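Structure first, commentary second.
The values are calculated or read from the model by the stated rules, or taken from the named source; none is laboratory data. Fair warning: this is a prediction, and the values are worked out from it, not measured in the lab. Here the Cβ is made from the backbone with ideal geometry for all residues, glycine too, and neighbour counts use every protein chain on show. The area values use the complete protein model at the heavy-atom level, side chains included, leaving out ligands, DNA and RNA. Shrake-Rupley method; radii C 1.70, N 1.55, O 1.52, S 1.80 Å.
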Amino acid sequence: MDARVPDHANATEAQLLRRARRGDQAAFESLYRDHARAVHALALRLVGNAAEAEDIVQETFLRMFGFLSGLREDTPLRPWLKRVAANQAIDRLRRHHRLETEADLATLADEAHASPADAVDADALLRRLPPLARTVLWLHEMEGWSHEDLARRFGRTPSWSKSLLSRSLARLREGLEPEGDAFHDR
């Protein structure tokens with residue numbers, strides 16, 4: 001092995017967790033480097049703000065550091081980190097009173113808010129949705145949360161989650177539809 005490559009560079013995640021439990025800062029840093037980008041990407045999609053997403057990443061890894069002894073070595077770390085980050089994003093949405101009212105949800109069906117230029121970019125499409133709608137859609141469709149999981153976490157019913165998801169997906173589909181018949185005439 002190359003002497004310039006640190007011991008943790010070729011370590012498995014389980015080995016890094018063991019080392020981090022013993023206070024090995026380099027192992028913790030390696031775990032951070034391995035997972036921070038994915039956690040940040042999720043947080044950014046959910047809260048829609050880079051500074052808040054970075055705060056969520058930091059809080060997530062602080063929780064991991066405080067909970068190292070409870071983490072199982074035989075299960076992947078990333079899903080746990082993403083769950084913690086998603087829960088923090090939900091808490092931030094609640095704390096900042098950014099949960100939608102029924103009037104806000106009505107904008108999901110309002111085509112006047114859609115810009116044709118945004119249809120090209122999936123992230124831009126997601127940003128059209130209010131924070132709660134974006135969060136529910138992403139957690140269900142991309143992170144695999146069930147309607148029951150979402151209902152429990154938001155203190156609502158599964159039918160609330162299903163309805164919000166359905167409206168959100170309809171809004172996104174509208175953003176993907178071509179304008180008029182010009183698209184079909186080609």
Starting with the highest mean, order 36-45, 128-137 by the number of other Cβ atoms within 10 Å, averaged over the residues of each peptide.
128-137, 36-45
Considering only protein heavy atoms and a 1.4 Å probe, what is the carbon-and-sulfur percentage of the accessible area of segment 22-69?
53
Please sort 79-87, 60-68 by packing, taking for each peptide the average over its residues of neighbouring beta carbons within 10 angstrom, highest first.
79-87, 60-68
The FRET efficiency for R21 and A124, from their Cβ-Cβ distance with R0 = 41 Å and rounded to 0.05, is 0.45
